[in-house]
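So the structure is just underneath, and the comments pick up after that.
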Amino acid sequence: MTAAASPLEYQVRLSDHARTAAERDAILAGDLGFGRYFTDHMVAIQWDQARGWHDAQVRAYGPLSLDPAAAVLHYGQEIFEGIKAYRHPDGSIWTFRPDANGERLQRSAARLALPQLPVAAFTESLRQLVAVDHAWVPSAPESSLYFRPFMIATEAFLGVRPAQAAGYYVIASPAGAYFAKGVAPVSIWLSEDYARAAKGGTGAAKCGGNYAASLLPQQEAYAQGCSQVLFLDPVEGRYLEELGGMNVFLVRRDGRIVTPELSGSILEGITRASILQLARDRGLVVEERKVSIDEWKEGVASGEISEVFACGTAAVVTPIGALKGRGFAVGDIDAPAGEVTMAIRKELTDIQYGRIPDRHGWLVRLR
Ligand SMILES: *Cc1c(COP(=O)(O)O)cnc(C)c1O
């Protein structure tokens with residue numbers, strides 16, 4: 001199922017309707033938000049059982065043409081990634097730990113019975129897109145170009161088995177600072193009626209289906225005045241898993257930093273892994289273990305837990321001010337973000353934006 005070892009040769013066809021420099025600069029100077037604007041080009045690579053990966057293209061951003069019987073539309077055979085490009089003060093463009101994302105895409109592919117894109121081809125796909133769309137990498141503080149690589153089953157066949165044809169695509173979206181008005185703690189809703197993943201299910205894969213399952217509980221969170229949902233383990237409903245799209249950390253007053261262990265249904269975040277490393281570097285005692293919801297509730301109430309935060313590529317680190325659920329609320333949404341949370345956030349973003357040395361060799365230059 002793996003591709004030929006030789007690198008894919010790209011056909012580059014520039015868009016005949018790319019935005020002008022003035023149009024692009026007007027977009028980049030405005031309120032970018034997240035996932036609202038897209039660059040002028042995209043990457044597309046096809047796969048089938050006979051040829052492996054082939055037909056690599058950089059082409060104009062635009063609609064995909066899919067057979068209505070394409071497997072992705074019926075059985076949800078889809079996976080994706082999220083990774084950013086950062087503009088450094090000298091104008092160069094870098095990305096963060098692309099091998100880790102490329103390896104995760106392979107693990108997701110294995111779980112969803114999709115073909116494995118070689119890790120080097122993953123990183124090369126980002127480089128190819130930046131080569132034509134580099135002017136879309138914004139330079140305002142905490143802004144970035146968010147890549148959305150994804151893979152779909154394209155074979156036109158309604159039989160239930162792994163598709164024998166797939167497409168891999170990369171689109172890119174300039175993104176503004178996630179917290180435009182400064183980092184502000186959010187409140188989280190504890191979902192007790194729904195899980196995002198099952199034991200033996202696809203929770204550890206980055207697939208669209210997990211997100212589809214999280215949307216109803218997310219809606220419930222909004223209705224309760226919260227911005228995100230916290231999911232518990234799907235077996236006992238006692239242990240923390242993660243938010244709909246972010247991992248979670250508790251900071252204890254005694255200098256321990258705790259995050260749920262990878263249970264098989266938690267998504268292994270690259271931000272999570274990087275924070276574990278930075279926390280160790282700072283001399284914090286790091287614990288990856290089962291964390292019960294009672295530990296959170298009681299710890300916040302007693303003051304033993306001094307900070308809680310969520311993390312992921314999009315928002316980096318989001319302080320959690322309050323946790324609410326049916327019949328309870330803990331924390332103080334008006335309290336400022338915690339010191340450890342903000343120090344780790346600053347260190348990670350300083351590395352990503354080239355403001356301090358990259359001592360772990362996490363950055364890869366794209367241009
Ligand atoms: C992508 C994702 C994360 C965060 O992963 P990062 O690699 O840190 O961006 C966490 N949880 C879920 C469910 C995700 O899909």
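The values are calculated or read from the model by the stated rules, or taken from the named source; none is laboratory data. Computed from a predicted model, the values in this text were never measured in an experiment. Every residue, glycine as well, gets a Cβ built from its backbone with ideal geometry; the counts of neighbours run over all protein chains shown. Heavy atoms of the whole protein, side chains included, go into the accessibility calculation; ligands, DNA and RNA do not. Shrake-Rupley method; radii C 1.70, N 1.55, O 1.52, S 1.80 Å.
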Query - Qualifying positions in region 268-292 - farther than 14 Å from residue 251 by Cα and within 23 Å of the chain's Cα centre (by Cα) - result: 268, 269, 270, 271, 273, 274, 277, 290
**Report entry** Residue among 102, 91 that alone is at positive phi and either under 19 Å from the mean Cα position of the chain (by Cα) or not in a strand (DSSP E or B) (or both)
**Finding:** 91
**Report entry** Subset of region 186-240 (residues that are within 14 Å of the ligand (Cβ to nearest atom), of a type in the set (Ser, Thr, Tyr) and open to solvent by less than 20 Å² (accessible area, probe 1.4 Å))
**Finding:** 191, 214
Report summary line: Filter region 320-367 for residues that are out of contact with any His (no Cβ under 8 Å at 6 or more places or on another chain) and among the aromatic types (Phe, Trp, Tyr); the one that is nearest to residue 232 (Cα to Cα) is 328
Requested in this report: Just give me the residues in region 314-367 being closer than 26 Å to residue 88 by Cβ and open to solvent by 40 Å² or more (accessible area, probe 1.4 Å), in sequence order.
Outcome: 342, 346, 355, 356, 357, 358, 359, 360, 361, 364, 365, 367
Report summary line: Note on region 297-313: residues open to solvent by less than 10 Å² (accessible area, probe 1.4 Å) and more than 27 Å from the chain's Cα centre (by Cα) are 299
Query raised in the report: Which one is nearest to the ligand (Cβ to nearest atom) among residues in region 269-289 that are assigned to a loop (DSSP other than H, G, I, E, B) and surrounded by fewer than 15 Cβ atoms within 10 Å (Cβ to Cβ)?
Result: 282
Report summary line: The residue from 251, 258 that alone is β-branched (Val, Ile, Thr), touching a residue at least 60 places away in the same chain (Cβ under 8 Å), out of contact with any His (no Cβ under 8 Å at 6 or more places or on another chain) and not in a loop (DSSP other than H, G, I, E, B) is 251
Query raised in the report: Is it the case that some residue within region 198-207 is among the hydrophobic types (A, V, I, L, M, F, W, C), touching a Pro at 6+ places or on another chain (Cβ under 6 Å) and farther than 30 Å from residue 27 by Cα?
Result: yes
Query raised in the report: What number of residues in region 8-19 are open to solvent by 70 Å² or more (accessible area, probe 1.4 Å) and either in a helix (DSSP H, G or I) or over 12 Å from residue 57 (Cβ atoms) (or both)?
Result: 3
Requested in this report: Go through the residues of region 253-264 one by one and say whether even a single one is within 12 Å of the ligand (Cβ to nearest atom) and open to solvent by less than 40 Å² (accessible area, probe 1.4 Å).
Outcome: yes
Query raised in the report: Can you pull out the residues in region 55-94 that are hydroxyl-bearing (Ser, Thr, Tyr) and either in contact (Cβ under 8 Å) with a residue 40 or more places away in the chain or in the same structural domain as residue 245 (by TED's automatic domain parsing) (or both)?
Result: 61, 75, 86, 92
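With the condition being within 16 Å of the ligand (Cβ to nearest atom), I'd like the strands (runs of 3 or more DSSP E) fully within region 297-342 carrying at least 1 qualifying residues. Break it down stepwise before answering.
Details: elements: 305-312, 316-325, 328-331.
Of the strands (runs of 3 or more DSSP E) lying wholly inside region 297-342, those with at least 1 residues that are within 16 Å of the ligand (Cβ to nearest atom) span 305-312, 316-325.
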Requested in this report: Find the residue count for region 106-124, including only residues that are out of contact with any helix residue (DSSP H, G or I) (no Cβ under 6 Å at 6 or more places or on another chain), under 19 Å from residue 43 (Cα atoms) and assigned to a helix (DSSP H, G or I).
Outcome: 5
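Residue by residue through region 6-54, note down the ones that are without any contact (Cβ under 8 Å) to a residue 12 or more places away in the chain and not hydroxyl-bearing (Ser, Thr, Tyr). Before the answer, list the steps.
Filtering region 6-54 for residues without any contact (Cβ under 8 Å) to a residue 12 or more places away in the chain gives 6, 20, 22-23, 25-26, 29-30, 50-51.
Matches in region 6-54: 22, 23, 25, 26, 29, 30, 50, 51.
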Report summary line: Of the residues in region 95-108, those that are surrounded by fewer than 22 Cβ atoms within 10 Å (Cβ to Cβ) and either out of contact with any Asp or Glu (no Cβ under 9 Å at 6 or more places or on another chain) or within 24 Å of residue 354 (Cβ to Cβ) (or both) number 5
